[in-house]
1. Please pick out the residue among 127, 179 that is closer than 16 Å to residue 106 by Cα, at pLDDT 90 or above and out of contact with any strand residue (DSSP E or B) (no Cβ under 8 Å at 6 or more places or on another chain).
2. Looking for something outside any strand (DSSP E or B) and either within 18 Å of residue 119 (Cα to Cα) or in contact (Cβ under 8 Å) with a residue 40 or more places away in the chain (or both) - is there at least one such residue anywhere in segment 69-80?
3. Hey, can you tell me all the residues within segment 152-199 that are farther than 22 Å from residue 82 by Cα, touching a residue at least 12 places away in the same chain (Cβ under 8 Å) and not in a loop (DSSP other than H, G, I, E, B)?
4. Give the number of residues within segment 41-63 that are under 19 Å from residue 5 (Cα atoms) and loosely packed, with under 14 Cβ neighbours inside 10 Å.
5. Could you say whether any residue in segment 40-47 is more than 18 Å from residue 111 (Cα to Cα), in contact with a strand residue (DSSP E or B) (Cβ under 9 Å, 6 or more places away or on another chain), in a strand (DSSP E or B) and modelled with pLDDT of 95 or more?
6. Scan 99, 145 and give me the residue that is surrounded by fewer than 18 Cβ atoms within 10 Å (Cβ to Cβ) and in contact with a strand residue (DSSP E or B) (Cβ under 7 Å, 6 or more places away or on another chain).
7. Restricting attention to segment 104-131, which residues are more than 21 Å from residue 21 (Cα to Cα) and in contact with a helix residue (DSSP H, G or I) (Cβ under 9 Å, 6 or more places away or on another chain)?
């Protein structure tokens, strides 16, 4: 396997064939273990983009840029009573990151609601393996290309999710409104759909279409943007006369 920029491979908490583990280790620079001591996350990512919480048999890792601090992650973890609670709470953080958790041996994986980072899974040598790169997953599982997916990828203007279909057979992506769990045995798995609950008041999707009764000049796009925009990204300025009536312009600081 050639060296790749960044990736994460999540293994179930069970005894896997050594050949499978060796394939996963080829380009990994770091290993995070399950509470059992078995390899869990094999990854290559900058240390500044890895946030970890550990408590007993529970390990939670956020990989990628995030607004969360170690304290934020700990509070979310301790307030969660189930995997779905954890995913909902973590999705309140800003950023483009993936969530991986090992809870009493159960593997949990989730990407952002808007799929700015994606999560893929496939059966490799009889075990369900999860990654954030479908090409890495294809290498680990030695999966063949899917001619239909390749043909669809060449269609200009193909709608979502057709245009996001993995190019390898057996690879499945996790949609933005779902998260994945893999049992300790590494064979049983399930995709769970997230919905907002009265208890958490957290909508798993961070974007909603503006109500039809709102005029496009009032739209909804600028509201809250100024407060949510990180300072390092720039400053929001009023559009010049004749410019787009809704969307603000973003001016980068020199």
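The values are calculated or read from the model by the stated rules, or taken from the named source; none is laboratory data. Being a predicted model, the structure only gives us computed values, none of them experimental. Glycine also receives a Cβ, built like all others from the backbone with ideal geometry; neighbour counts cover every protein chain displayed.
1. 127 is the lone residue from the list that is closer than 16 Å to residue 106 by Cα, at pLDDT 90 or above and out of contact with any strand residue (DSSP E or B) (no Cβ under 8 Å at 6 or more places or on another chain).
2. no
3. 152, 153, 164, 168, 172, 173, listed by residue number.
4. 3
5. no
6. Unique residue meeting the criteria: 145.
7. 110, 115, 118
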